[in-house]
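**Student:** Before I ask anything, here is the structure I am working with.
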Amino acid sequence: MFLLALVHVATKPGRAWASIRESEPAALAAGVNITLYKLWAFALASFVTGVAGCLLAAQVGVPRAITFQTQDSLTLAATSLIGGIFSLWGAIVAGIFNQLLPFLFQAQWNINSNFLLILFGAGLMQVLLTAPGGLVDQFPKDMAKLGRFVWHSLRSLTRRGSAS
């Protein structure tokens, strides 16, 4: 599914979707059929969601409303926002958070699962307030700032050392 989405984003439909996202009038002036590409995006998203639903039904066995509780739905929404909803890599980060953190907290560290909800809530608030693009968008920026900080700190230390 990721490969299908990446192929669509990297080819003509992806360029059309990007131009529509930036400015519908400009895309229309450039000759992009807005209705076609919006329907195409809706159909692709529906197909991917349908496949995800089939995989969930296969995992659960007999899908019922009681098997997918509200708490799981909120956790899934929170992790997808934390990972980043504007990119495909954000979905991968969200999937890792959604599967790895509960395993680590419950199976490895024997921590109460309610603490995980508090952690996801705090992470969701942090992402909504400081990084609307999610961690996948914010992490490279933070690492670049950290690198510049370390570089400038090391430069100032070497200058002080050579001046004495």
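**Student:** Find the accessible area per residue for region 39-164; the probe is 1.4 Å, ligands and nucleic acids are left out, and the unit is Å². List each step's numbers first, then the result.
**Tutor:** Values: 9120 Å² over 126 residues.
So region 39-164 comes to 72 Å² accessible per residue, rounded to a whole number.
**Student:** Based on DSSP H runs of at least 4 residues, each adding -39500 (n - 2.57), what is the mean residue ellipticity at 222 nm of the chain after dividing by all its residues, to the nearest 500 deg cm²/dmol? Walk me through the numbers before you get to the answer.
**Tutor:** Numbers: 8 runs with 129 residues, N = 164.
That calculation yields -26000 deg cm²/dmol at 222 nm.
**Student:** Only four residue types carry charge here, +1 at the Cβ of Lys and Arg and -1 at the Cβ of Asp and Glu. Report the dipole size of region 10-81 about the Cα centre in Debye, rounded to the nearest 20. Before the final figure, lay out the partial values.
**Tutor:** Numbers: 5 positive and 3 negative charges, 31 e Å.
Around 140 debye, computed over region 10-81.
**Student:** Report, to the nearest whole %, how much of the accessible area of region 1-107 belongs to carbon and sulfur atoms, 1.4 Å probe, protein only. Walk me through the numbers before you get to the answer.
**Tutor:** Details: 5200 of 7260 Å².
Answer for region 1-107: carbon and sulfur cover 72 percent of the accessible area.
**Student:** Turning to a different aspect of this structure: With helices defined as uninterrupted DSSP H runs, which ones in the chain have an alpha carbon span along their own long axis of at least 24 Å and mean Kyte-Doolittle hydropathy of at least 0.0? Could the numbers behind the result be given before it?
**Tutor:** Details: long enough: 34-60 (38 Å, 1.57); 113-130 (26 Å, 1.75); 135-163 (41 Å, -0.39).
In the chain, the long hydrophobic H runs are 34-60, 113-130.
**Student:** Lys and Arg at +1, Asp and Glu at -1: add these up for the other residues within a Cβ distance under 13 Å of residue 17 and post the number.
**Tutor:** Values: positive: 12, 15, 21, 38; negative: 22, 24.
Once positives and negatives cancel, what remains is +2.
**Student:** Which of the lysines could a cross-linker span from residue 12 if the Cα-Cα distance has to be under 27 Å and same-chain partners fewer than 8 positions apart are dropped?
**Tutor:** 38
**Student:** I would also like to ask the following. Cα to Cα, under 16 Å, and not fewer than 8 places away if on the same chain: which aspartates and glutamates meet these conditions relative to residue 145?
**Tutor:** Result set, ordered by chain and number: 137.
**Student:** While we're here: Place a +1 charge on the Cβ of each Lys and Arg in the chain and a -1 charge on the Cβ of each Asp and Glu, then give the dipole magnitude about the Cα centre in debye, rounded to the nearest 20.
**Tutor:** Working: 11 positive and 5 negative charges, 131 e Å.
Charge dipole of the chain: 620 debye, to the nearest 20.
**Student:** If you don't mind, another one. So between residue 160 and residue 46, what do we pick up on full extension, going 0.36 nm a residue minus the alpha carbon distance?
**Tutor:** Numbers: separation 114, 0.36 × 114 = 41.04 nm, distance 6.06 nm.
Taking residue 160 through residue 46 to full extension adds about 35.0 nm, to one decimal.
**Student:** Here is a further query. Residue 69 to residue 142: FRET efficiency via 1/(1 + (r/R0)^6), r the Cβ-Cβ distance, R0 25 Å, to the nearest 0.05?
**Tutor:** Calculated value: 0.15.
**Student:** What full-extension length gain, to one decimal in nm, is calculated for residue 29 and residue 8 as 0.36 nm per residue of separation minus the Cα-Cα distance?
**Tutor:** Values: separation 21, 0.36 × 21 = 7.56 nm, distance 2.22 nm.
My answer for the length gained is 5.3 nm.
**Student:** Between (1) 47; (2) 51; (3) 24, which entry matches percent of Cα pairs over 27 Å apart as derived from the coordinates of this structure?
**Tutor:** (1)
The values are calculated or read from the model by the stated rules, or taken from the named source; none is laboratory data. Please read these numbers as outputs of a predicted model, since none were measured by experiment. Every residue, glycine among them, receives a Cβ derived from its backbone with ideal geometry; neighbour counts consider all protein chains shown. Each accessible area value is taken on the protein alone, full model and side chains, heavy atoms only, with ligands, DNA and RNA left out. Shrake-Rupley method; radii C 1.70, N 1.55, O 1.52, S 1.80 Å.
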